[in-house]
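Colleague: First, the structure itself, so that you have it in front of you.
The values are calculated or read from the model by the stated rules, or taken from the named source; none is laboratory data. Values in this document were obtained by computation on a predicted structure and should not be read as measured data. Cβ placement follows ideal geometry from the backbone for every residue including glycine, while neighbour counts extend to all protein chains displayed. Just the protein is used for accessible areas: all its heavy atoms, side chains included, with ligands, DNA and RNA removed. Shrake-Rupley method; radii C 1.70, N 1.55, O 1.52, S 1.80 Å.
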Amino acid sequence: MRKKRIFLGVLSPFLTWTIGSCAAVGLVSPEPTAGLRTSASEFQNGRRAADAFFQSVDQMPQVISTGDGDTLRVRVDGQPVTVRLACVDAPETNQPYGAEAANRLQSLLPAGTLVEMRVVDTDRYGRTVAEIFKNQQSVGLQLVAEGYAVVYQDYLSGCAPNQQAYLQAEANARSHQLNFWSQTN
């Protein structure tokens, strides 16, 4: 029974996305899996199961384009969906380091890239708010670590599984004055 709960716990965000993508505008955010504790090996086994699930149904979201440093468009089930990266905030393109952040996101996620999504919410503009993973690595976390984005403190609870990693990545980028953090003010 325990392995079954772990499998569903790891897949629940992906299944929610697949189910929710049928009504692309009215996505329902996944409920956190209460009380679920997994070891690293159990998590990896669940990830492999999730990967096999997507490979078998060929429904992984595919990047259409990127906008500024924290927004992109993906295609799910043939439908375009605008995604706002969860738990991070990048400068607007007309702000210092905004163009660099946009370029970095585009280099990480060129058109056609297959990604995984962990849907967190829908924002007031109707965009899907999600953590995006490429090769099982968080793109938002990478942007923070490289100093192209900062942690969005007000919404960090949506990334609870990676919350400490986000905070540590930002502290490191700030202490090394990477990109955005290299500004005097």
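Colleague: Could you list, in sequence order, the residues of segment 121-161 that are crowded, with 20+ Cβ neighbours inside 10 Å, of a type in the set (S, T, N, Q) and touching a Leu at 6+ places or on another chain (Cβ under 8 Å)?
Modeller: Scanning segment 121-161 gives a single hit, Thr128.
Colleague: Still on this structure: Taking the options Gln137, Gln95, Gln59, name whichever one is more than 19 Å from Cys159 (Cβ to Cβ) and without any contact (Cβ under 8 Å) to a residue 24 or more places away in the chain. Spell out the reasoning first.
Modeller: On the way: Gln137 fails: more than 19 Å from Cys159 (Cβ to Cβ); Gln59 fails: without any contact (Cβ under 8 Å) to a residue 24 or more places away in the chain.
Just a single option satisfies the conditions, and that option is Gln95.
Colleague: Looking at the structure I just gave you, is Val83 among the aliphatic types (A, V, I, L, M), touching a Lys or Arg at 6+ places or on another chain (Cβ under 7 Å) and either surrounded by fewer than 21 Cβ atoms within 10 Å (Cβ to Cβ) or modelled with pLDDT of 95 or more (or both)? Before you say what the answer is, go through the steps one by one.
Modeller: Working: among the aliphatic types (A, V, I, L, M): yes; touching a Lys or Arg at 6+ places or on another chain (Cβ under 7 Å): yes; either surrounded by fewer than 21 Cβ atoms within 10 Å (Cβ to Cβ) or modelled with pLDDT of 95 or more (or both): yes.
Yes, satisfied.
To keep it simple, each residue is scored yes or no on (1) modelled with pLDDT under 90; (2) touching a Ser or Thr at 6+ places or on another chain (Cβ under 8 Å); (3) outside any loop (DSSP other than H, G, I, E, B).
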residue: Pro13; (1), (2), (3): yes, no, yes
residue: Thr18; (1), (2), (3): yes, no, yes
residue: Pro30; (1), (2), (3): yes, yes, no
residue: Leu36; (1), (2), (3): yes, no, no
residue: Asp51; (1), (2), (3): yes, no, yes
residue: Arg75; (1), (2), (3): no, no, yes
residue: Ala99; (1), (2), (3): no, yes, yes
residue: Asn103; (1), (2), (3): no, no, yes
residue: Ala111; (1), (2), (3): no, yes, no
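Colleague: Shifting gears a bit: Inspect segment 93-106 for any residue being more than 15 Å from Asp68 (Cβ to Cβ), in contact with a strand residue (DSSP E or B) (Cβ under 8 Å, 6 or more places away or on another chain) and open to solvent by less than 80 Å² (accessible area, probe 1.4 Å) and give the result as yes or no.
Modeller: Going residue by residue through segment 93-106, those that are more than 15 Å from Asp68 (Cβ to Cβ) are none.
No, there is no match, as no residue in segment 93-106 is more than 15 Å from Asp68 (Cβ to Cβ), in contact with a strand residue (DSSP E or B) (Cβ under 8 Å, 6 or more places away or on another chain) and open to solvent by less than 80 Å² (accessible area, probe 1.4 Å).
Colleague: Here are the criteria: (1) part of a loop (DSSP other than H, G, I, E, B); (2) more than 21 Å from Leu72 (Cα to Cα); (3) among the charged types (D, E, K, R). Tell me which single one Glu170 does not satisfy.
Modeller: (1)
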